[in-house]
Amino acid sequence: MRFQYFKIPSADPSRKWISRPLIPIRVIGPKGIWEGYGLIDSGADRSLFNTEIAEEIGLRLTNSQTENFFGIEGDRLKANLHEIRLQILGVDKEVEILAGFVDSPGVGAILGQDGFFDAFRIKFEKDHGIVEITPVKK
């Protein structure tokens, strides 16, 4: 399936808009579903989601395994890990991945290497403004 890159205004109005590979996703938990857009990030080791999404899908983050993540500025984020089911809207395949949940305004939904990139072949064509995603047959 092919998705258009999203054009997002730069924080500095004098600069050009930024194109990002955001795709529509569904995150399925024990008590709910969240639908929104996830940023495909080939530089992220693991998929990360904001804790508000965990609350919406009914995950209990207390007593879960944790993992530390480091951002580009060296900031350390402590993430609570949980298995979730994830689906790209428009693609029949649903995958189960281990994802981190962080309480950070800078993290919405980031789709990273472990789990997500294992389940899908991802072809970035930024020069055409397209990202193509194909489920991997295992």
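The values are calculated or read from the model by the stated rules, or taken from the named source; none is laboratory data. As the structure is a computational prediction, the values presented were derived from the model and not from experiment. Neighbour counts are summed over all protein chains in view; Cβ atoms, including those assigned to glycine, are modelled from backbone coordinates with ideal geometry. In case anyone asks, the SASA skips ligands and DNA or RNA and just uses the protein heavy atoms, side chains included. Shrake-Rupley method; radii C 1.70, N 1.55, O 1.52, S 1.80 Å.
Observations, loosely collected:
- Restricting attention to the stretch 121-132, the residues being surrounded by 18 or more Cβ atoms within 10 Å (Cβ to Cβ) and at pLDDT below 95 number 0.
- Sole residue being among the hydrophobic types (A, V, I, L, M, F, W, C), at pLDDT 95 or above and either open to solvent by 30 Å² or more (accessible area, probe 1.4 Å) or farther than 15 Å from G106 by Cα (or both), chosen from I18, I28, I53, I8: I28
- Any hit, the stretch 80-96, residues being in contact with a Phe, Trp or Tyr (Cβ under 6 Å, 6 or more places away or on another chain) and either open to solvent by less than 70 Å² (accessible area, probe 1.4 Å) or part of a strand (DSSP E or B) (or both): yes
- Total residues in the stretch 1-55, condition in a strand (DSSP E or B) and among the aliphatic types (A, V, I, L, M): 11
- Number of positions in the stretch 111-120 that are open to solvent by 30 Å² or more (accessible area, probe 1.4 Å) and under 12 Å from the mean Cα position of the chain (by Cα): 3
- Residue match in the stretch 99-108 (condition: open to solvent by 10 Å² or more (accessible area, probe 1.4 Å), over 14 Å from I40 (Cα atoms), touching a Leu at 6+ places or on another chain (Cβ under 7 Å) and modelled with pLDDT under 95): yes
- Of residues in the stretch 62-79 being crowded, with 16+ Cβ neighbours inside 10 Å and of a type in the set (A, V, I, L, M), the one modelled with the highest pLDDT: A79
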